[in-house]
Amino acid sequence: MNTSYRECSRCVMDAHAADMTFDGEGHCNYCTAMLARLAAYQPADPAVLDGKLAAFVDTVRREGHGKRYDCIVGVSGGADSAYALYLARKHGLRPLAVHMDNGWNSELAVNNIENLVRKLGVDLYTHVVEWKEYRALQQAFFDADVIDVELLYDNAMLAVNYGLASRFGVKYMLSGSNTTTEGMRVPRNFNWNKFDQKNIRAIARNDGVKVRSLPTIGVWRFVWHRLVRRTQWVNFLDLIDYNKQRCIDVLVDELGYRPYPYKHYESIFTRFYQGYLLPAKFGVDKRRMHLSSLICSDQMTREQAKALLADSPYPDPDDLQMDIEYFLKKMGWTARQLEDYVKRPERPHDAFDSEAALYTRLLAMQKRFLPGR
Ligand SMILES: [Zn+2]
């Protein structure tokens, strides 16, 4: 038995997370920090939050006056971004909905997005990636044995969103990311810097592949958008008392939204990656972060979270088998290749060229010289 294994006594984060420390009561630094963030975002008096939302909506409307759109909302088909879009419309904003299709969308996600934009009367921009190129890039990430295979999608999604904001002169990108359901800081050993374009290119090069048509964005471009254009990525749902279940009920009742059984089931790759590849190859169970966030925001008890964790991320083995077969077919792998991949040890992202350190340096400078930006 691993004697260093330890789990927090308040949330369900465990010692797999990097830099974990515990206080005298056995509470970890992750939930302690999250509770402090929650207190900052969710004031005790709801009128304060209402005022913040109204003021923000007013600013977006004013700055977007005369433009075709006043904000951009990235939609994955998941409940959080769907609710962000709903909320934007409810407050009279004129969003452009943006979706990136990397070939792994579940059918339900596609239906949900189409239904959502139709009922809300919103324009949808879908960027469809070139599948052959994307598959070769994913293959390069698998061959490199690095943890963050989703860096490809996330970076492209950021590139597309910032690019459209620039094209339409929009300053605000409203996101479904929020503190109450996912405010737990992602441990640094669970993923990689999402603006690391250099890393993507180096990993591709390692496999003899080039990034041709996939949109990507690097650290300097991000700095330009952020500091010169003053484009802001706003966690829109932090401006309301966001209770996930209550909001899903609203989406179902008012828009005919069809919910998924688990978080991130809008993409078949994301669910297979989080439900199988991450735990099997990297020993990382991201459910611990998601469930711990819900515990901190009182949307779940620790006992309920423990019960969910006792089960596999794929409670029905047939579902896992189905996703394995889908994955093998789509990637052109044999079962043996998947077995070998899972067995090979992890390699760190910075074994390849990277601009993650540059990002960290610039962030430290920004905090020092431009606080509040
Ligand atoms: Zn904790």
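The values are calculated or read from the model by the stated rules, or taken from the named source; none is laboratory data. It should be emphasised that the depicted structure is a prediction, and the values quoted were computed from it without experimental measurement. Heads up, the Cβs are rebuilt from the backbone with ideal geometry, glycines too, and the neighbour counts pull from every protein chain shown.
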For the stretch 4-14, indicate whether the set of residues that are touching a residue at least 24 places away in the same chain (Cβ under 8 Å) and more than 10 Å from the ligand (Cβ to nearest atom) is non-empty.
no
Looking at residue 58 and the list (1) over 22 Å from the mean Cα position of the chain (by Cα); (2) within 10 Å of the ligand (Cβ to nearest atom); (3) under 30 Å from residue 174 (Cβ atoms), which single condition is not satisfied?
(2)
Criterion: more than 25 Å from residue 301 (Cβ to Cβ) and at pLDDT below 95 - qualifying residue of 60, 48
48
For the stretch 289-307, name all the residues that are surrounded by fewer than 16 Cβ atoms within 10 Å (Cβ to Cβ) and either under 21 Å from the mean Cα position of the chain (by Cα) or among the acidic types (Asp, Glu) (or both).
298, 303
The stretch 179-193, residues that are part of a loop (DSSP other than H, G, I, E, B), under 10 Å from residue 38 (Cα atoms) and either modelled with pLDDT of 95 or more or polar (S, T, N, Q) (or both):
none
Output yes when any residue across the stretch 69-86 is more than 16 Å from the ligand (Cβ to nearest atom), at pLDDT 95 or above and charged (D, E, K, R), and no when none is.
yes
Filter result (of a type in the set (Ser, Thr, Tyr) and under 21 Å from residue 163 (Cβ atoms)) within the stretch 214-251:
216, 231
Starting from the stretch 338-360, keep only residues that are closer than 22 Å to residue 326 by Cα, then list their pairs with residues that are among the aromatic types (Phe, Trp, Tyr) whose Cβ atoms are within a distance under 6 Å, requiring at least 6 positions of separation or different chains.
341/142
Helices (runs of 4 or more DSSP H) fully within the stretch 317-373 counting 3 or more residues that are modelled with pLDDT under 95 and not polar (S, T, N, Q)
317-331, 356-369
Within the stretch 21-53, residues in contact with a Lys or Arg (Cβ under 8 Å, 6 or more places away or on another chain) and within 9 Å of the ligand (Cβ to nearest atom) come out as 22, 26, 27, 28, 30, 31, 34
